[in-house]
Amino acid sequence: LVVLLLRPVIADPVMAGYPQLANTILIWMLFAASFNLLLGYTGLLSFGHAMFFGIGAYAAAIGLTRFGLPWVVAAVAGLVLAAAVAYAVARLIVKKGEIYFAMLTLAFAQAVHYLANQDVLGLTGGTTGITGASPEWLVSNRGTKFVQVAGTQFEWYYLLGLVFVVAMLAIWQLVRSPFGRSLVAIRENDALARSMGMNVDRYKVWSFTFAGVFAAVAGVLIEVNNQGATLELLSLPVSGDVILMTILGGSVFFFGPPAGAFVWLFAED
C-alpha cells in the first residue's frame, strides 16, 4: 500500500507536485528502517550509519564505472563489502559501552569519508564523487527513469518499490524471529540478558551487521536513482538525519522510522 499510494500522493499538485520525489522517500524509508534495527530493537545508538549507506552506493558505482561489472554483480559486491565492514567494526567496538560505541561509530564513519575524499587508488573520484554510473538497463526520458528488460519497459519506481517491499519484509521477519526478540530483551535489560546466559555481544555484532547490510541496500538504490555516488552520502549530516527521522517517527514502532523519513523529506521539499 505504501508503494502504490506514495507516488500519486506525492505527485498531487496540492502536495509536492513532483512524482520523482517518491523515489528518494522510499529509499530513505528503507535506510531509516535499517537504522532502527540498532536503535529501536537493540538499543544501540550509531552516529555513523551513513558509512554503510555510502559504501553500498560507492561500491555499486565503482563496480560499474571502474571495473565494468554488471550492475547485479557490483550491487552484490557492495552488500558483501558493507557486511564485512560492519562485522569487523562491530567486533572492535561492541564491548566498549554505549557512549563509546556511539562515538567510535562516528570515528569509523569519518575515516571512511576521509578515504573517499582522498580518492584512494583513483576509485572514488574525491570531492566530485562518481557520476554517470548508470546500469545499462536504465534509461531516462524527461526526468523520468525507465527500466528496459527483455523488450519491456516500465518506470524505475516500480522496481525500486519491489526491492523496498522485499527488504522491509526481510527486516520484519528478522525482528519477529527469536533473534529479533532476543535483541529486544537486550535493549530492555542488558545485564539481565547476560545473567540468563545470552551471548549479548554476539547478538549486538550481528544486529550491527544486518543493519549495515540493509543500509547498503538503500545505498545501492540511491546510486541507481542518482546515477552516481557523492561524498554527501558518507557525511555526518546523513547519519544525523536518519537519527532524527527515527526519533520523529518513533523507534518503538516497526514503521515509525519510515514514517518519520516521509514526514522529514516531504516537509523539506
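The values are calculated or read from the model by the stated rules, or taken from the named source; none is laboratory data. The model shown is predicted, which means the values in this text are computed figures rather than measured ones. Note that each Cβ is placed from the backbone with ideal geometry, even for glycine, and that neighbours are counted across all protein chains shown. Heads up: the accessible areas ignore ligands, DNA and RNA and are worked out on the full protein's heavy atoms, side chains in. Shrake-Rupley method; radii C 1.70, N 1.55, O 1.52, S 1.80 Å.
Expressed as a whole percent, how much of the Cα-Cα distance distribution for segment 188-249 exceeds 16 Å?
Values: 1205 of 1891 pairs.
When all Cα pairs of segment 188-249 are counted, 64 percent exceed 16 Å.
Would you please give the FRET efficiency between residue 177 and residue 1, computed as 1/(1 + (r/R0)^6) with r the Cβ-Cβ distance and R0 = 41 Å, to the nearest 0.05?
After rounding to 0.05, the efficiency reads 0.95.
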For the pair residue 67 and residue 80, the simple spin-label estimate (label points 7 Å beyond Cα toward Cβ) gives in nm 0.8 nm
Relative contact order in percent for the chain (Cα pairs under 8 Å, 6+ apart) equals 36 percent
Taking a ≥ b ≥ c as the square roots of the Cα gyration tensor eigenvalues, with a/c under 1.5 meaning rounded and otherwise prolate when a/b beats b/c or oblate if not, segment 147-217 comes out prolate
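Give me the percent of the accessible area of segment 51-130 that comes from carbon and sulfur atoms, probe 1.4 Å, all protein chains in place.
About 70 percent, which is the carbon plus sulfur part of the accessible surface.
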Once the in-chain neighbours fewer than 8 apart are removed, the aspartates and glutamates whose Cα is under 12 Å from residue 96 read 201
Ranked by GNM mean-square fluctuation in the chain (Cα springs under 10 Å), the top entry among 57, 88, 229 is 88
Shape call for segment 1-157, from the Cα gyration tensor axes a ≥ b ≥ c (a/c under 1.5 means rounded, otherwise prolate when a/b beats b/c, else oblate), comes out oblate
Mean accessible area per residue over segment 64-110 (1.4 angstrom probe, all protein chains present, square angstrom) is 58 Å²
Gyration tensor (Cα only) of segment 36-118 to equivalent ellipsoid, semi-axes in Å sorted down, yields 26, 14, 10
Spelling it out for residue 228: with amide H atoms placed in the peptide plane at 1.01 Å from N, the residues 5 or more places away or on another chain with amide H under 5 Å from its amide H are 133
In whole Å, largest first, the alpha carbons of segment 95-212 cover along the principal axes 59, 37, 20
A student applying the Cα gyration tensor rule (rounded when a/c is under 1.5; otherwise prolate if a/b is larger than b/c, oblate if not) would label segment 151-269 prolate
For the chain, the longest principal axis of the Cα atoms and the Cα long axis of helix 178-188 enclose an angle in degrees, to the nearest 10, of 60 degrees
D (µm²/s, integer) via Stokes-Einstein for the chain, Kirkwood Rh across alpha-carbon pairs, 25 °C, 0.890 mPa s: value 130 µm²/s
Interchain or sequence-distant (5+) residues whose placed amide H lies within less than 5 Å of the amide H of residue 145 are 156
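Given Cβ point charges of +1 (Lys, Arg) and -1 (Asp, Glu) and nothing else, what value in debye, to the nearest 20, does the dipole of the chain about its Cα centre take? The partial results should precede the final answer.
Values: 13 positive and 13 negative charges, 144 e Å.
With Lys and Arg at +1 and Asp and Glu at -1, about 700 debye.
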Under the 7 Å Cα-to-Cβ spin-label approximation, residue 201 and residue 267 lie apart by a distance in nanometres of 4.1 nm
With the 8 Å Cα cutoff and a minimum separation of six or more residues, segment 184-269 has a relative contact order in percent of 12 percent
In nm, the gap between the two label points placed 7 Å beyond Cα toward Cβ at residue 236 and residue 12 is 4.0 nm
Tilt, helix 71-93 to longest principal axis of the chain (alpha-carbon atoms), in degrees rounded to tens, equals 20 degrees
